[in-house]
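Working notes for the structure below.
The values are calculated or read from the model by the stated rules, or taken from the named source; none is laboratory data. Everything numeric here is computed off the predicted structure, so don't read it as measured data. When we count neighbours, we look across all protein chains shown, and the Cβ atoms used for this are built from the backbone with ideal geometry, even at glycine. For the accessible areas, the whole protein counts, side chains as well, though only heavy atoms, and no ligand, DNA or RNA atoms are used. Shrake-Rupley method; radii C 1.70, N 1.55, O 1.52, S 1.80 Å.
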Amino acid sequence: MSSKEVEELPPSQLGTKPYWDGCYEKEIENFDSHGDVGEVWFGEEAGMRVINWLSDKEQEGEVSTGASILDVGCGNGVLSVDLYKEGWTEVTGVDYSPAAVELARKVAKQEDCQIQFEVCDILEDMDTTESEAMKKNYDIVVDKGTFDAISLAENAVTDKKVYVANIARLVSSGGLLLITSCNWTEEELICQLGDSFTHRETIPTPQFSFGGKTGNTVTSCIFRKKK
(Lines give C-alpha, C1' and ligand atoms only; values in the text may rest on other atoms or scores of the structure.)
Protein backbone atom coordinates (compact mmCIF):
# COMPACT_ATOMS: atom_id res chain seq x y z
CA MET A 1 0.00 0.00 0.00
CA SER A 2 1.38 3.43 -0.92
CA SER A 3 0.35 6.75 0.61
CA LYS A 4 -1.74 7.34 -2.48
CA GLU A 5 -3.79 4.27 -1.65
CA VAL A 6 -4.74 5.41 1.85
CA GLU A 7 -8.40 6.31 1.86
CA GLU A 8 -8.73 9.87 3.09
CA LEU A 9 -11.03 10.70 5.97
CA PRO A 10 -13.96 13.09 5.56
CA PRO A 11 -13.24 16.57 6.96
CA SER A 12 -14.50 17.23 10.48
CA GLN A 13 -14.65 20.11 12.94
CA LEU A 14 -12.04 18.15 14.92
CA GLY A 15 -9.61 19.20 12.21
CA THR A 16 -10.14 22.93 12.81
CA LYS A 17 -8.38 25.33 15.17
CA PRO A 18 -11.59 27.14 16.25
CA TYR A 19 -12.99 23.85 17.52
CA TRP A 20 -9.98 23.17 19.73
CA ASP A 21 -9.73 26.80 20.89
CA GLY A 22 -13.34 26.58 22.04
CA CYS A 23 -12.78 23.25 23.78
CA TYR A 24 -9.76 24.42 25.73
CA GLU A 25 -11.31 27.77 26.65
CA LYS A 26 -14.14 25.82 28.30
CA GLU A 27 -11.69 23.45 29.95
CA ILE A 28 -9.75 26.38 31.41
CA GLU A 29 -12.99 27.56 33.04
CA ASN A 30 -13.59 24.08 34.45
CA PHE A 31 -10.01 23.82 35.70
CA ASP A 32 -10.17 27.20 37.41
CA SER A 33 -13.49 26.26 39.00
CA HIS A 34 -12.97 22.61 39.90
CA GLY A 35 -9.33 21.69 39.18
CA ASP A 36 -10.51 19.39 36.37
CA VAL A 37 -7.76 18.94 33.73
CA GLY A 38 -10.38 18.12 31.09
CA GLU A 39 -10.63 15.31 28.58
CA VAL A 40 -7.55 13.16 28.07
CA TRP A 41 -7.40 12.19 24.41
CA PHE A 42 -7.73 8.37 24.09
CA GLY A 43 -7.66 8.13 27.89
CA GLU A 44 -4.65 8.27 30.21
CA GLU A 45 -3.88 4.60 29.60
CA ALA A 46 -2.89 5.41 26.01
CA GLY A 47 -0.25 7.83 27.24
CA MET A 48 0.95 5.44 29.92
CA ARG A 49 1.49 2.69 27.34
CA VAL A 50 3.90 5.04 25.55
CA ILE A 51 5.62 6.00 28.81
CA ASN A 52 5.92 2.36 29.88
CA TRP A 53 7.50 1.51 26.53
CA LEU A 54 10.05 4.28 27.01
CA SER A 55 10.73 3.14 30.58
CA ASP A 56 11.38 -0.41 29.35
CA LYS A 57 13.87 0.91 26.78
CA GLU A 58 15.51 3.06 29.43
CA GLN A 59 16.00 0.03 31.66
CA GLU A 60 17.53 -1.81 28.71
CA GLY A 61 19.97 1.06 28.23
CA GLU A 62 18.63 2.05 24.82
CA VAL A 63 17.36 5.52 25.76
CA SER A 64 18.06 7.88 28.64
CA THR A 65 15.64 9.82 30.81
CA GLY A 66 17.78 12.80 29.82
CA ALA A 67 16.56 12.48 26.23
CA SER A 68 14.93 15.59 24.80
CA ILE A 69 11.23 15.00 24.11
CA LEU A 70 8.75 17.07 22.12
CA ASP A 71 5.04 16.52 22.83
CA VAL A 72 3.37 17.62 19.57
CA GLY A 73 -0.17 18.89 20.01
CA CYS A 74 0.15 18.68 23.79
CA GLY A 75 -3.41 19.83 24.50
CA ASN A 76 -3.96 20.01 28.27
CA GLY A 77 -0.39 18.85 28.88
CA VAL A 78 -1.30 15.66 30.75
CA LEU A 79 1.05 13.47 28.69
CA SER A 80 3.91 15.94 29.19
CA VAL A 81 3.20 16.03 32.93
CA ASP A 82 3.05 12.23 33.14
CA LEU A 83 6.37 11.98 31.29
CA TYR A 84 7.95 14.48 33.67
CA LYS A 85 6.65 12.70 36.76
CA GLU A 86 8.09 9.42 35.45
CA GLY A 87 11.56 10.99 35.19
CA TRP A 88 11.55 12.29 31.59
CA THR A 89 12.22 15.87 32.61
CA GLU A 90 13.58 17.23 29.31
CA VAL A 91 10.11 17.53 27.78
CA THR A 92 8.65 20.40 25.77
CA GLY A 93 4.98 20.67 24.85
CA VAL A 94 3.63 22.60 21.85
CA ASP A 95 0.13 23.27 20.58
CA TYR A 96 -1.38 25.66 18.06
CA SER A 97 -4.17 26.59 20.46
CA PRO A 98 -3.18 29.35 22.92
CA ALA A 99 -5.92 28.13 25.26
CA ALA A 100 -4.46 24.61 25.26
CA VAL A 101 -1.03 25.95 26.19
CA GLU A 102 -2.52 28.13 28.93
CA LEU A 103 -4.30 25.10 30.39
CA ALA A 104 -1.19 22.92 30.07
CA ARG A 105 0.83 25.48 32.02
CA LYS A 106 -1.81 25.54 34.75
CA VAL A 107 -1.87 21.75 34.98
CA ALA A 108 1.93 21.54 35.10
CA LYS A 109 2.11 24.21 37.81
CA GLN A 110 -0.49 22.36 39.89
CA GLU A 111 1.61 19.19 39.60
CA ASP A 112 4.85 21.08 40.33
CA CYS A 113 6.37 20.12 36.97
CA GLN A 114 8.85 22.50 35.30
CA ILE A 115 7.82 21.96 31.68
CA GLN A 116 8.27 24.38 28.80
CA PHE A 117 5.04 24.89 26.84
CA GLU A 118 4.87 26.98 23.70
CA VAL A 119 2.23 28.07 21.22
CA CYS A 120 3.23 27.05 17.71
CA ASP A 121 1.82 25.29 14.67
CA ILE A 122 3.56 22.07 13.68
CA LEU A 123 2.59 22.87 10.08
CA GLU A 124 4.30 26.25 9.94
CA ASP A 125 7.25 26.99 7.66
CA MET A 126 10.32 25.60 9.40
CA ASP A 127 12.63 27.96 7.52
CA THR A 128 10.90 31.12 8.76
CA THR A 129 9.45 29.99 12.10
CA GLU A 130 10.01 32.22 15.11
CA SER A 131 9.18 29.38 17.49
CA GLU A 132 12.11 28.43 19.69
CA ALA A 133 10.72 24.93 20.09
CA MET A 134 10.58 24.44 16.33
CA LYS A 135 14.20 25.52 15.90
CA LYS A 136 15.52 22.60 17.98
CA ASN A 137 16.05 18.90 17.43
CA TYR A 138 14.67 16.20 19.70
CA ASP A 139 15.66 12.65 20.51
CA ILE A 140 11.99 11.69 20.78
CA VAL A 141 8.75 13.17 19.46
CA VAL A 142 5.44 11.94 20.88
CA ASP A 143 2.13 12.47 19.11
CA LYS A 144 -1.15 11.41 20.71
CA GLY A 145 -3.95 12.45 18.36
CA THR A 146 -2.35 15.36 16.50
CA PHE A 147 -1.80 13.51 13.22
CA ASP A 148 -5.40 12.35 13.60
CA ALA A 149 -6.66 15.93 13.87
CA ILE A 150 -4.56 17.01 10.89
CA SER A 151 -6.06 14.10 8.95
CA LEU A 152 -9.53 15.59 9.49
CA ALA A 153 -8.72 19.04 8.08
CA GLU A 154 -10.00 20.37 4.76
CA ASN A 155 -6.46 20.32 3.35
CA ALA A 156 -5.50 17.03 4.97
CA VAL A 157 -3.63 15.58 1.98
CA THR A 158 -1.24 18.54 1.84
CA ASP A 159 -1.12 19.11 5.60
CA LYS A 160 -0.13 15.51 6.33
CA LYS A 161 2.84 15.80 3.98
CA VAL A 162 3.94 19.00 5.69
CA TYR A 163 3.54 17.29 9.07
CA VAL A 164 5.78 14.38 8.08
CA ALA A 165 8.42 16.70 6.61
CA ASN A 166 8.43 18.97 9.68
CA ILE A 167 8.53 16.12 12.18
CA ALA A 168 11.42 14.60 10.25
CA ARG A 169 13.32 17.87 10.65
CA LEU A 170 12.57 18.04 14.37
CA VAL A 171 13.65 14.48 15.16
CA SER A 172 17.40 13.96 15.52
CA SER A 173 19.12 11.50 13.21
CA GLY A 174 18.14 8.03 14.36
CA GLY A 175 15.63 9.51 16.80
CA LEU A 176 12.16 8.21 17.55
CA LEU A 177 8.58 9.18 16.72
CA LEU A 178 5.98 7.61 19.01
CA ILE A 179 2.56 8.13 17.46
CA THR A 180 -0.84 7.09 18.78
CA SER A 181 -3.87 7.17 16.48
CA CYS A 182 -7.51 6.16 16.57
CA ASN A 183 -8.01 6.89 12.86
CA TRP A 184 -5.19 4.95 11.21
CA THR A 185 -4.01 1.36 11.37
CA GLU A 186 -0.39 0.30 11.65
CA GLU A 187 -0.24 -0.34 7.91
CA GLU A 188 -1.76 3.04 7.08
CA LEU A 189 0.65 4.88 9.39
CA ILE A 190 3.60 3.10 7.80
CA CYS A 191 2.36 4.14 4.37
CA GLN A 192 2.05 7.78 5.31
CA LEU A 193 5.26 8.11 7.34
CA GLY A 194 7.45 5.68 5.44
CA ASP A 195 9.34 8.20 3.31
CA SER A 196 11.07 9.62 6.39
CA PHE A 197 10.63 6.99 9.08
CA THR A 198 11.14 3.25 9.49
CA HIS A 199 8.55 1.33 11.46
CA ARG A 200 10.23 -0.28 14.45
CA GLU A 201 7.37 -1.86 16.36
CA THR A 202 3.78 -1.44 17.46
CA ILE A 203 2.79 -1.29 21.12
CA PRO A 204 0.02 -3.79 21.95
CA THR A 205 -3.30 -2.03 22.50
CA PRO A 206 -6.81 -3.23 23.43
CA GLN A 207 -8.65 -5.14 20.71
CA PHE A 208 -12.32 -5.49 19.86
CA SER A 209 -14.23 -8.01 17.79
CA PHE A 210 -17.23 -7.21 15.63
CA GLY A 211 -18.83 -9.13 12.80
CA GLY A 212 -16.16 -11.80 12.95
CA LYS A 213 -13.32 -9.29 12.55
CA THR A 214 -10.80 -8.13 15.14
CA GLY A 215 -9.37 -4.63 15.36
CA ASN A 216 -7.74 -2.13 17.72
CA THR A 217 -9.41 0.83 19.36
CA VAL A 218 -6.14 2.78 19.02
CA THR A 219 -2.82 2.15 17.31
CA SER A 220 0.50 3.12 18.92
CA CYS A 221 3.50 2.80 16.61
CA ILE A 222 7.19 3.40 17.16
CA PHE A 223 9.09 4.86 14.21
CA ARG A 224 12.77 5.59 13.85
CA LYS A 225 13.96 8.44 11.66
CA LYS A 226 15.81 7.27 8.60
CA LYS A 227 19.45 8.40 8.52
Alpha carbon Rg of the range 99-227, scaled by the compact-globule rule 2.2 N^0.38 Å:
1.15
About its Cα centre, how strong a charge dipole does the chain have in debye, to the nearest 20, once Lys and Arg get +1 and Asp and Glu get -1 at the Cβ?
640
May I ask you to give the solvent-accessible area per residue for the chain, in square angstrom, as obtained with a 1.4 angstrom probe?
49
Under 17 Å from K135, Cα to Cα: aspartates and glutamates that are on another chain or at least 8 residues apart
D71, E90, D95, E118, D121, E124, D125, D127
Only four residue types carry charge here, +1 at the Cβ of Lys and Arg and -1 at the Cβ of Asp and Glu. Report the dipole size of the range 1-121 about the Cα centre in Debye, rounded to the nearest 20.
160
Nearest 5 percent is fine: what portion of the DSSP beta bridges confined to the chain is antiparallel?
45
For the range 138-208, what is one quarter of the convex hull surface built on the Cα atoms, given in nm²?
4.9
Rounded to the nearest 500 deg cm²/dmol, what is the calculated helix-only ellipticity per residue at 222 nm for the chain, with -39500 (n - 2.57) per DSSP H run of length n ≥ 4?
-11500 deg cm²/dmol
Whole-Å semi-axes of the range 1-153's equivalent ellipsoid (Cα gyration tensor):
23, 22, 16
Counted charge near C221, where neighbours are those whose Cβ lies closer than 14 Å (Asp, Glu -1; Lys, Arg +1):
-1
For the chain, the longest site-free run once GluC sites (Glu not before Pro) in DSSP loop states with at most 14 other Cβ atoms within 10 Å are removed:
155-227
Rounded percent of accessible protein surface that carbon and sulfur make up, the range 82-227, 1.4 Å probe
46
